[in-house]
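The values are calculated or read from the model by the stated rules, or taken from the named source; none is laboratory data. Computed from a prediction, not measured in an experiment: that's the story for all the values here. Note that we place each Cβ from the backbone using ideal geometry, even for glycine, and neighbour counts take in every protein chain shown.
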Amino acid sequence: MSGMRHISSRENPAFKALRRLADDPRGHGSALVDGIHLVATCFAQGIGIRQLLVSEGGQASAEIATLLQGAAGIDCLSLRDSLFRELSGVAAPTGIAAVIDIPQAPAELSPGDAVLLDAVQDAGNVGAILRTVAAAGVRNVLLGPGCAGAWTARALRGGQGAHFFLAIREQADLLAALATGPATPVATVAHGGTSLYDLDLGGPVFWLVGNEGAGLSAELVAAAKLRATIPLAAGTESLNVAAAVAVCLFEANRQRSATR
């Protein structure tokens, strides 16, 4: 870690730059990763850290001190606690954050399944979906226009480090992506589809997942080869989109495990 510089004013140019980055990570090609767990994951996964931010209160933390010991050569800023909270967006941040370069996804999709998100607008849902996708062993995630940013602070908190195990493509042309591989496009619909548990999910699947309220666009539903509906108890309308993704991915894993 290089010499630590202190910021105590909102008018500081470095703080203003961090504020702009927090508001628009994709536009800057970098993201603000907040919290001990996420920063430690960046170190463990070899993610390029451009800058470390530490709150005044955070400097008393033994865990943060340990992280800083491995930060040789990284620019480090000390921020007044109120300024750090403003960047973090949470009431009680752990006291450390990192500015990282957003990893670039490979040009081609990896073999296997992919999850394609159509206008999923809540960043918390996006983060939870990414966490589920990584846990299910899927690598490819495509976010179409209208989706919340994958690298916003809220999505990163929801992902809990899953971002760094995925190939994430934002502003993707979902219709075009359906033609890029042998996977079967499956549209997830709240009603009128084949029961998820009656589908043969043994081969690779491109899971099409829609907006929290409106669902999938008509164009994507029409382009899918299959429509899947998760059977629910009488009187219930739908699952949260992140929960629905989890049910679908782990049903596919269950079928494939049974086959093996």
Would you check if there is a residue in segment 97-118 being farther than 30 Å from LEU201 by Cα, touching a residue at least 24 places away in the same chain (Cβ under 8 Å) and of a type in the set (Gly, Ala, Ser)?
yes
When segment 20-76 is examined, which residues are found to be assigned to a loop (DSSP other than H, G, I, E, B) and either assigned by TED's automatic domain parsing to the domain that holds ALA172 or small (Gly, Ala, Ser) (or both)?
GLY29, GLY35, GLY46, GLY48, SER61, GLY70, ALA71, ALA72, GLY73
Restricting attention to segment 193-235, and to residues there that are free of Cβ contacts under 8 Å to residues at least 24 places away in the same chain and more than 20 Å from ARG256 (Cα to Cα), which single residue is surrounded by the most Cβ atoms within 10 Å (Cβ to Cβ)?
LEU232
Candidate set: segment 77-105, residues that are surrounded by fewer than 17 Cβ atoms within 10 Å (Cβ to Cβ) and either at pLDDT 95 or above or of a type in the set (D, E, K, R) (or both); chosen: the one nearest to the chain's Cα centre (by Cα)
ASP101
Taking the criterion of being of a type outside the set (S, T, N, Q), surrounded by 13 or more Cβ atoms within 10 Å (Cβ to Cβ) and outside any helix (DSSP H, G or I), would at least one residue in segment 236-248 satisfy it?
yes
Across segment 132-181, what is the total count of residues that are assigned to a loop (DSSP other than H, G, I, E, B) and not aliphatic (A, V, I, L, M)?
16
May I ask you to list the residues in segment 124-146 that are under 15 Å from ASN240 (Cα atoms) and either of a type outside the set (Val, Ile, Thr) or not assigned by TED's automatic domain parsing to the domain that holds ALA244 (or both)?
GLY124, ASN125, GLY127, ALA128, LEU130, ARG131
Being surrounded by fewer than 23 Cβ atoms within 10 Å (Cβ to Cβ) and in a helix (DSSP H, G or I) is the filter here; which residues of segment 110-127 pass it?
ALA123, GLY124
